[in-house]
Amino acid sequence: MNNQGRPTRPSGGETTRRGTFTGNRALDMEEALIFETGRLDATGVDLEAPAPFASKLGAHARSAAIGLPGLTEPEAVRHYVRLSRNNYAIDAGLYPLGSCTMKHNPRLNEKMARLPGFADLHPLQPISTVQGALELIDALAQALLTLTGMSAVAMSPKAGAHGELCGMMTIKAALAARGEDKTRTVVLVPDSAHGTNPATAALIGLSVRAVPAEADGVVSAEAVEAALAPDVAAIMLTNPNTCGLFERNIVEIADAVHAAGAYFYCDGANFNAVMGKTRPGDLGVDAMHINLHKTFSTPHGGGGPGAGPVVLSARLAPFAPAPSIVGTGDALSLAEHHEGRQAFGRMSAFHGQMGMFVRALAYILSHGGDGLRQASEDAVLSANYVRASLIDLMSAPFGDRPCMHEALFDDRWLKDTGLTTLDFAKAMIDEGYHPMTVYFPLVAHGAMLIEPTESESKASLDLFIMTLRDLAMGALGGERERFVAAPVHAPRRRLDETRAARQPTLRWAKPTPA
Amino acid sequence: MRYLPLDAADRAQMLARVGAPDIDALFADIPAAKRLNRPLDLPGGMSEIEVERRLTRMAARNVAAGSVPFFLGAGAYRHHVPATVDHLIQRSEFLTSYTPYQPEIAQGTLQVLFEFQTQVAALTGMEVANASMYDGSTACAEAILMAHRLTRRRKAVLSGGLHPQYSDVAATLGGMADEEIVRLPLDPHASEDIAAAIDDETSCVVVQSPDFFGNLRDLEPIAAAAHAKGALLVAVFTEAVSLGAVRSPGEMAADIAVGEGQSIGNALNFGGPYVGLFATRLKNVRQAPGRLAGETVDADGRRSFVLTLSTREQHIRREKATSNICTNSGLCALAFSIHLTLLGEAGLRRLAALNHAAAVDLAGRFGAIPGVDVLTEAFFNEFTIRTPRPAAALIDELAARGIVGGLPVSRLAPNAGLDDLIVVAATETSTPDDRRSYAETLAQLLQTGGKR
Amino acid sequence: MTETRYTKDHEYARVEGDVAVVGISDHAQQQLGDVVFVELPAVGVKLAKGDGAAVVESVKAASDVFAPVSGEVIEVNGAVDAQPGLINEDAMGRGWLLKIKLADAGELASLMSEADYAAFLKTLA
């Protein structure tokens, strides 16, 4: 048992719970590691040996064995197909992860990204040979500017957190140009912020000052004014915020921040709620990163890659990092160096996540302006539909009021059941659903954040709602085993995470003979 | 619209349940003056046929690397990726799954990460590797920050053989974080005395091998010099296939090994997405950035994998995190791992040998051209030549003749006085005919002095 | 005379003569869950009351431990380094973290007594 009385390690002796010779259960299969099934001399790639030649490696040649097993093609295919079947995925079911926007990943995007004219292109080819690539990046950049009402966009950040870093660095560069980077070293951050926000501030030497939200879940202009001082560089706000609420005082907040000589960074993770409904540029935002893998459907890939372009206001535009696309029409080029301009430097090698740009542009072209607005409206409607269908059973920190694209519940409704948010989440797994985001944001105790997205049919939403109602009523009705033992039907039951952290085993090692 | 399942009847029913008169009632918190009451200035939604037409036309304006003799590396390398790799990464369960925060239903991803970490550790000769970073350049910058944390010093010394854009990224992050970054001048001959630049305030030296110019460098004496002053060695590579033929960073006593994994499993993709490799000694792992997959058991005693040591990361430690990184490069790491599994040790060594042979062949041909000097003595699949005429113009003339000849150093370092250098790469995707054609064309161009 | 005083952040200081044995309370350990790692200060470090003294990590959280009193760190508990689970098993006893030589015994007066801490815990429930 762990501290909370849930089984996480075997009570004594291994059990062949499954009762079959292989340990498999029909299509639910166990799969060993490649280090246990592969061989150093096996290969699934036929390569001819080079003709004899005089090596120029000198003393640098690698003679010792590396330790990399190989598999032939049929063995490799089986290995990875079997592994894949142990994963939940958007393609398989509703993925209600709040703040992650698990919408459908269109397959047209995959086909377009694989066109040789995009995929088989080296970033440093002569500019005359990559005009179509620059045209694509520019088209996406223009679309993002239209959607956000901002003046410029830095396309190079490789992920959302990287985009945050880029945006904050741009702000720091703008302050340096005014000679204020040494005096303005504090960033205002609400308690509900995602962990990347304070982590980003700390990375560039800024300290964090918390801004409290009001009882209704949003930040007031008064609270911001109270926290503003000559030492403030910027405020970092997420809008809609991590509680799923639109920061309705945002314009007054932006005005106060600007009047105090500071900048307004907006975390754009929740942009899916407001496409075509409002624009960050109109709200006073100076910099906002966009998660292409959230709002613009590029696939999550089991954890990445993402892409995090940053839209900038006119006052920050001069400080955007290298590279940027310059020129017009048929003669586009790349400005790759920042000397002589005010760009603060470079976020990464090369130009950005081109593979994700193709996918995002295909998504935008497919929807058009009306389609994107419809997507946001459906996302908000679906979240409210789920919220309204559960609010009689589950408690919400800010009462029975509408949300944006995600619905936040807390664990007060569970308090007499002896069950936790985690237990509830694990029971969802047995019902065939990936759990919602849990224990975030920190401002809600035992938070449960549900974001269905616009990709769900009404039938799918209704089944999800009925399932959660069944679970909730079960919990309130005294059911216990269904929750504390969950999940029992997944490929694995609850894992011993304590052991993983106390005795970290981070790679396979050849077992030593007993 | 083909991606939006709700229809008008659905929406009406849902609004009724919500108790809202219309959809705009749910957007009431947007200040009235800031509501967009007009359509966005974007074209209307397109069918698949229209999107394909538009994007195919854009793609056709580019010269795909595989359509011409191709000799460009400089941090990204064109290799053949077996068809199986791209097929497997497009399986729904790999493509459309999220970060494995619920391990019971993510053992596919987690086991792959555990295998990937083991492969990267083996390849780099280090004890432990993370589940990947965005790319080699950001991995390098993060390694420097880690060295600062471990040594409690703030000065990093960057070799003149480090890829100029990697140095730019490190300098950008270091400058913002108030760290000191010492950049040695670009070093095409691998003749710098980096040991002399290390002092008691140095947290790390960052050395690339094979370096930006292709030189193979012996890192062992540099490691010794660093350790003697209490500093660390960060070893960098941009061509992962080289580790199938050259001594690993771990063998040369590196403390942190970082590099670009794109060469294995991943297309060129005009610069991204790529996959950063990050490996170190076990004793340093708590200061390492990025995700880590670890082994454990479940409640039935079965071997399982889970993300672990998460308290280093942003979602828990917030401003005290080792980095702000959230995503890794999951799907690219998967592609890397599948390709490396298909190759196996024997296949990787064979692939590396083919690469080296191609480069040796091409360097030999250049050596026979009057006025062209091959500067690099020991190299893997990339080397630097000096030309009698400015390199950038030559590369453009070669492009006009349908050959992508390499990188003119002046493109990445415009003010370094190295305008007559080209960094040339030859991988297994170049044929003997390609190489012969390049050498002959270059010779012609130099004879005629650039006239067409 | 041994008395134990508590902070609102759930640190305790068990006074033995002019030395305070510092750790996290049983309540804190329960909230944290299984402890997986402890970061302890170096012996000889001088702490002011309220300074970050140690970090206790569970799987899902990392908790800063703040010095309840000022003074020099004269000893740290090597046993929790090797066996972080001791903090869960016996937070008040074998799971102690560090010993501080009291710089100002007067600081103890502003900490909660055992009874006050028990009452404080009830308000949190």
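The values are calculated or read from the model by the stated rules, or taken from the named source; none is laboratory data. The structure presented is a predicted model; accordingly, all values stated were derived computationally and were not measured. Cβ coordinates were reconstructed from backbone atoms using ideal geometry, including for glycine residues, and neighbour counts include every protein chain displayed.
Quick grid of which residues meet (1) within 30 Å of B:R91 (Cβ to Cβ); (2) modelled with pLDDT of 95 or more; (3) not hydrophobic (A, V, I, L, M, F, W, C):
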| position | (1), (2), (3) |
| --- | --- |
| A:M1 | no, no, no |
| A:P10 | no, no, yes |
| A:T15 | no, no, yes |
| A:R18 | yes, no, yes |
| A:S55 | no, yes, yes |
| A:G58 | no, no, yes |
| A:G67 | yes, yes, yes |
| A:H79 | yes, yes, yes |
| A:I90 | yes, yes, no |
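So which residues in region B:326-375 are more than 8 Å from every other protein chain (Cβ to nearest Cβ) and β-branched (V, I, T)? B:I369, B:V372, B:V374, listed by residue number.
Criterion first (at pLDDT 95 or above, part of a loop (DSSP other than H, G, I, E, B) and within 30 Å of B:A223 (Cβ to Cβ)) does B:A131 satisfy it? Judged against the criteria, B:A131 is a match. Elements of the type strands (runs of 3 or more DSSP E) sitting completely within region A:186-298 and holding at least 2 residues that are touching a residue at least 24 places away in the same chain (Cβ under 8 Å) and either among the small types (G, A, S) or more than 8 Å from chain B (Cβ to nearest Cβ) (or both): these cover A:186-190, A:232-238, A:263-267, A:287-289. Here the condition is being surrounded by fewer than 24 Cβ atoms within 10 Å (Cβ to Cβ) and closer than 30 Å to B:E142 by Cβ; of A:G345, A:G352, A:G418, it holds for A:G345 alone. One residue alone among A:Y385, A:Y433 is of a type outside the set (D, E), touching a residue at least 12 places away in the same chain (Cβ under 8 Å) and outside any loop (DSSP other than H, G, I, E, B), and that residue is A:Y385. For region B:410-430, give me each residue that is touching a residue at least 60 places away in the same chain (Cβ under 8 Å) and more than 11 Å from every other protein chain (Cβ to nearest Cβ). Those that are touching a residue at least 60 places away in the same chain (Cβ under 8 Å) and more than 11 Å from every other protein chain (Cβ to nearest Cβ): B:A416, B:L418, B:L421, B:V424, B:A426, B:T427, B:S430.
For the structure I just gave you, tell me whether B:I23 is out of contact with any Pro (no Cβ under 9 Å at 6 or more places or on another chain), buried (at least 19 other Cβ atoms within 10 Å of the Cβ), free of Cβ contacts under 8 Å to residues at least 24 places away in the same chain and not assigned by TED's automatic domain parsing to the domain that holds B:A279. Show your work before the answer.
On the way: out of contact with any Pro (no Cβ under 9 Å at 6 or more places or on another chain): yes; buried (at least 19 other Cβ atoms within 10 Å of the Cβ): yes; free of Cβ contacts under 8 Å to residues at least 24 places away in the same chain: yes; not assigned by TED's automatic domain parsing to the domain that holds B:A279: yes.
Yes; evaluated as a whole, the condition is true for this residue.
Please go through region B:47-92 and pick out each residue that is more than 7 Å from every other protein chain (Cβ to nearest Cβ) and hydroxyl-bearing (S, T, Y). B:S47, B:S67, B:Y77 - these are the residues of region B:47-92 that are more than 7 Å from every other protein chain (Cβ to nearest Cβ) and hydroxyl-bearing (S, T, Y). Criterion applied to A:L468, A:L408 was being in contact (Cβ under 8 Å) with a residue 24 or more places away in the chain and assigned to a strand (DSSP E or B), and the one residue passing it is A:L408.
Going by what's in this entry, would A:A396 be described as of a type outside the set (K, R), within 18 Å of A:M102 (Cβ to Cβ) and modelled with pLDDT of 95 or more? When the stated conditions are applied, A:A396 does not pass them.
Filter region B:127-150 down to residues that are among the β-branched types (V, I, T) and within 9 Å of chain A (Cβ to nearest Cβ) and give me whichever is surrounded by the most Cβ atoms within 10 Å (Cβ to Cβ). Here the answer is B:T138. Restricting A:I325, A:I391 to those that are β-branched (V, I, T) and not assigned by TED's automatic domain parsing to the domain that holds A:A234 reduces the list to A:I391.
Looking for whichever is over 23 Å from A:G432 (Cβ atoms), out of contact with any helix residue (DSSP H, G or I) (no Cβ under 7 Å at 6 or more places or on another chain) and either among the polar types (S, T, N, Q) or assigned by TED's automatic domain parsing to the domain that holds B:N215 (or both) here; the options are B:A143, B:A129. Which one fits? I'd like the intermediate steps shown before the answer.
On the way: B:A129 fails: out of contact with any helix residue (DSSP H, G or I) (no Cβ under 7 Å at 6 or more places or on another chain).
After ruling out the rest, the residue left standing is B:A143.
Could you tell me whether any residue of region B:228-242 is small (G, A, S) and surrounded by fewer than 24 Cβ atoms within 10 Å (Cβ to Cβ)? Within region B:228-242, one or more residues are small (G, A, S) and surrounded by fewer than 24 Cβ atoms within 10 Å (Cβ to Cβ).
Would you confirm, using the coordinates I've provided, whether B:I385 is more than 12 Å from chain A (Cβ to nearest Cβ), in a loop (DSSP other than H, G, I, E, B) and either on the phi > 0 side of the Ramachandran plot or among the aliphatic types (A, V, I, L, M) (or both)? Judged against the criteria, B:I385 is not a match. Only one of the listed residues (A:R507, A:R482, A:R499) is surrounded by 17 or more Cβ atoms within 10 Å (Cβ to Cβ) and part of a loop (DSSP other than H, G, I, E, B). That residue is A:R507. Is it true that some residue in region B:35-45 is over 41 Å from the mean Cα position of the chain (by Cα), of a type in the set (K, R) and assigned to a helix (DSSP H, G or I)? No. Inspection of region B:249-272 identifies no residue that is among the hydrophobic types (A, V, I, L, M, F, W, C), in contact (Cβ under 8 Å) with a residue 12 or more places away in the chain, in a helix (DSSP H, G or I) and buried (at least 24 other Cβ atoms within 10 Å of the Cβ). In this structure, is A:E48 in a loop (DSSP other than H, G, I, E, B), under 34 Å from the mean Cα position of the chain (by Cα), of a type outside the set (A, V, I, L, M, F, W, C) and not assigned by TED's automatic domain parsing to the domain that holds A:M448? When the stated conditions are applied, A:E48 does not pass them.
Residues that are charged (D, E, K, R) and under 14 Å from C:I24 (Cα atoms) within region C:50-78 comprise C:E57, C:D64, listed in sequence order.
Taking each residue of region A:159-175 that is at the interface with chain B (Cβ under 7 Å from one of its Cβ atoms) and looking for partners that are assigned to a helix (DSSP H, G or I) and of a type in the set (F, W, Y) with beta-carbon atoms closer than 8 Å, six or more apart or interchain, yields nothing. Looking across region A:121-154, just one residue is more than 10 Å from every other protein chain (Cβ to nearest Cβ), buried (at least 24 other Cβ atoms within 10 Å of the Cβ) and assigned to a loop (DSSP other than H, G, I, E, B), and that is A:M150. Looking across region A:59-83 at every residue that is crowded, with 23+ Cβ neighbours inside 10 Å and at the interface with chain B (Cβ under 7 Å from one of its Cβ atoms), the one that is farthest from B:L343 (Cα to Cα) is identified as A:L83.
Against the definition (in contact with a strand residue (DSSP E or B) (Cβ under 8 Å, 6 or more places away or on another chain), under 16 Å from C:N88 (Cβ atoms), among the aliphatic types (A, V, I, L, M) and at pLDDT below 90), how does C:A28 come out, yes or no? Against the criterion (in contact with a strand residue (DSSP E or B) (Cβ under 8 Å, 6 or more places away or on another chain), under 16 Å from C:N88 (Cβ atoms), among the aliphatic types (A, V, I, L, M) and at pLDDT below 90), C:A28 does not qualify. Just one of the numbered conditions (1) within 19 Å of B:F213 (Cβ to Cβ); (2) surrounded by fewer than 19 Cβ atoms within 10 Å (Cβ to Cβ); (3) touching a residue at least 60 places away in the same chain (Cβ under 8 Å) is not true of B:V404: (2).
Does B:T124 satisfy being more than 7 Å from every other protein chain (Cβ to nearest Cβ) and modelled with pLDDT of 95 or more? So that I can check it myself, show each step before the final result.
On the way: more than 7 Å from every other protein chain (Cβ to nearest Cβ): yes; modelled with pLDDT of 95 or more: yes.
In short, yes.
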